[in-house]
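*Asks:* Supplied in structure tokens, the structure appears directly below.
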Amino acid sequence: MKTGAQLYTVRSFTQTPDGLSETLRRVADIGYKSVQISGTCPFDAGWLGSELKRNGLECAVTHTPEQRLLNDAEAVAKEHLIFGCKYCGLGWNAFKLDSGDTPERFTEKYLGVAKALHGGGVKFMYHNHDQEFQKVGGRLIIDILAEAFSPELMGFIVDTFWVQAAGGDPAAWIKKLAGRAPCIHLKDFSYGRKFAAVGEGNMNFDAIFKAAEDSGVEYMLVEQDDCYGEDPFDCLKRSYEYLKSRGFE
């Protein structure tokens with residue numbers, strides 16, 4: 001398994017091409033070998049591929065804006081192949097059931113997207129928060145989605161923090177989605193439902209690492225949604241050092 005940095009952690013530094021370029025350099029200097037492209041400025045696919053190569057990085061997965069997925073999925077797939085990324089993720093869906101944002105509506109919107117990406121050699125990935133653990137007709141939304149999309153058409157980016165925030169067991173969900181979760185977010189859960197650098201909160205990473213190894217996870221991507229005024233690069237570094245101490249690089 002490879003460790004990586006989810007660039008959403010340092011999103012305030014990536015809102016210009018120069019800032020994104022410098023961010024990739026700083027992340028590589030910490031020691032990370034892969035990144036998730038998320039929350040950045042728009043970029044040219046060829047330029048990003050060159051920047052990744054220059055810094056010895058690979059793109060594990062993206063979070064791609066909804067409108068690009070819905071309106072231009074074939075072009076998105078081509079761009080991903082240019083910068084060497086085989087996983088294309090959607091980072092958020094609200095699932096506000098009282099306003100008609102149901103699992104069925106999600107499937108209507110994104111099944112065609114998943115097929116178009118698949119046809120272009122890229123896999124559609126869905127990233128959970130806590131709302132996917134609501135029940136509809138006695139079933140969890142995440143289970144409904146896993147049934148509605150075949151494993152070939154959609155995988156999952158399992159987010160450890162949000163599974164735990166929803167009352168679930170992150171390790172159990174990684175195992176349940178074995179073969180469908182090549183990328184996971186390592187995000188620590190601290191007292192008061194706060195985000196923390198990996199290894200500084202209360203997440204059961206022994207169980208998570210074992211589940212990831214057993215379930216075919218390829219990338220463990222560090223993310224910290226809020227660093228509460230700390231330097232987010234320092235948070236990424238502390239997370240990296242913890243993972244390195246556990247034998248992951």
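The values are calculated or read from the model by the stated rules, or taken from the named source; none is laboratory data. Nothing here was measured: the structure is a model prediction, and the numbers come from that model. No Cβ is skipped: glycine too gets one built from the backbone with ideal geometry, and neighbour counts run over all protein chains shown.
*Asks:* Just one of the numbered conditions (1) over 26 Å from residue 199 (Cα atoms); (2) in contact with an Asp or Glu (Cβ under 8 Å, 6 or more places away or on another chain); (3) not basic (Lys, Arg) is not true of residue 153; which one?
*Replies:* Every listed condition holds for residue 153 apart from (2).
*Asks:* Picking from 107, 64, 102, which residue would you name as being of a type in the set (S, T, N, Q) and under 15 Å from residue 48 (Cβ atoms)?
*Replies:* The conditions single out 64.
*Asks:* Moving to a separate point now. Would you be able to say whether some residue in region 188-208 is in contact with a Leu (Cβ under 7 Å, 6 or more places away or on another chain), in a loop (DSSP other than H, G, I, E, B) and buried (at least 23 other Cβ atoms within 10 Å of the Cβ)?
*Replies:* yes
*Asks:* Could you tell me which of the residues 172, 181 is more than 24 Å from residue 228 (Cβ to Cβ), in a loop (DSSP other than H, G, I, E, B) and hydrophobic (A, V, I, L, M, F, W, C)?
*Replies:* It is 181.
*Asks:* I need the full set of residues from region 136-183 which are closer than 16 Å to residue 214 by Cα and of a type in the set (Lys, Arg), in order please.
*Replies:* Across region 136-183, the qualifying residues are 175, 176, 180.
*Asks:* Go through region 78-94 residue by residue and tally those that are more than 16 Å from the chain's Cα centre (by Cα) and surrounded by fewer than 21 Cβ atoms within 10 Å (Cβ to Cβ). Reasoning before the result, please.
*Replies:* First, pick out the residues of region 78-94 that are more than 16 Å from the chain's Cα centre (by Cα): 78-79, 81-84, 94.
Cutting the leftovers down to surrounded by fewer than 21 Cβ atoms within 10 Å (Cβ to Cβ) gives us 78, 81-82, 84, 94.
Result for region 78-94: 5.
*Asks:* Any residue in region 109-122 that is under 19 Å from residue 85 (Cβ atoms) sitting within a Cβ distance under 9 Å of a residue that is surrounded by 24 or more Cβ atoms within 10 Å (Cβ to Cβ) and of a type in the set (Phe, Trp, Tyr)? List the pairs, counting only those 6 or more apart or interchain.
*Replies:* 110/124; 113/124; 114/124; 115/124; 116/124; 117/124; 118/124
*Asks:* Hey, another quick one. Could you check, for region 62-70, whether at least one of its residues is surrounded by fewer than 19 Cβ atoms within 10 Å (Cβ to Cβ) and either more than 26 Å from residue 4 (Cβ to Cβ) or at pLDDT below 95 (or both)?
*Replies:* Our first condition is that a residue be surrounded by fewer than 19 Cβ atoms within 10 Å (Cβ to Cβ); within region 62-70, this holds for 65-68, 70.
Filter once more, keeping what is either more than 26 Å from residue 4 (Cβ to Cβ) or at pLDDT below 95 (or both): 70.
For region 62-70, residues surrounded by fewer than 19 Cβ atoms within 10 Å (Cβ to Cβ) and either more than 26 Å from residue 4 (Cβ to Cβ) or at pLDDT below 95 (or both): present.
*Asks:* What pairs come up if the first residue lies in region 25-45 and is farther than 15 Å from residue 14 by Cα and surrounded by 17 or more Cβ atoms within 10 Å (Cβ to Cβ), the second is at pLDDT below 95 and among the charged types (D, E, K, R), and their beta carbons are under 8 Å apart, counting only those six or more places apart or on different chains?
*Replies:* 33/249
*Asks:* When both residues are 6+ apart or on different chains and their Cβ atoms are under 6 Å apart, which pairs have a first residue that lies in region 207-219 and is under 17 Å from residue 168 (Cα atoms), and a second that is small (Gly, Ala, Ser) and surrounded by 15 or more Cβ atoms within 10 Å (Cβ to Cβ)?
*Replies:* So the pair list comes out as 207/171; 208/171; 211/171.
*Asks:* If you scan region 105-150, which residues turn out to be over 27 Å from residue 193 (Cβ atoms), touching a Lys or Arg at 6+ places or on another chain (Cβ under 9 Å), buried (at least 17 other Cβ atoms within 10 Å of the Cβ) and among the small types (Gly, Ala, Ser)?
*Replies:* 114, 120, listed by residue number.
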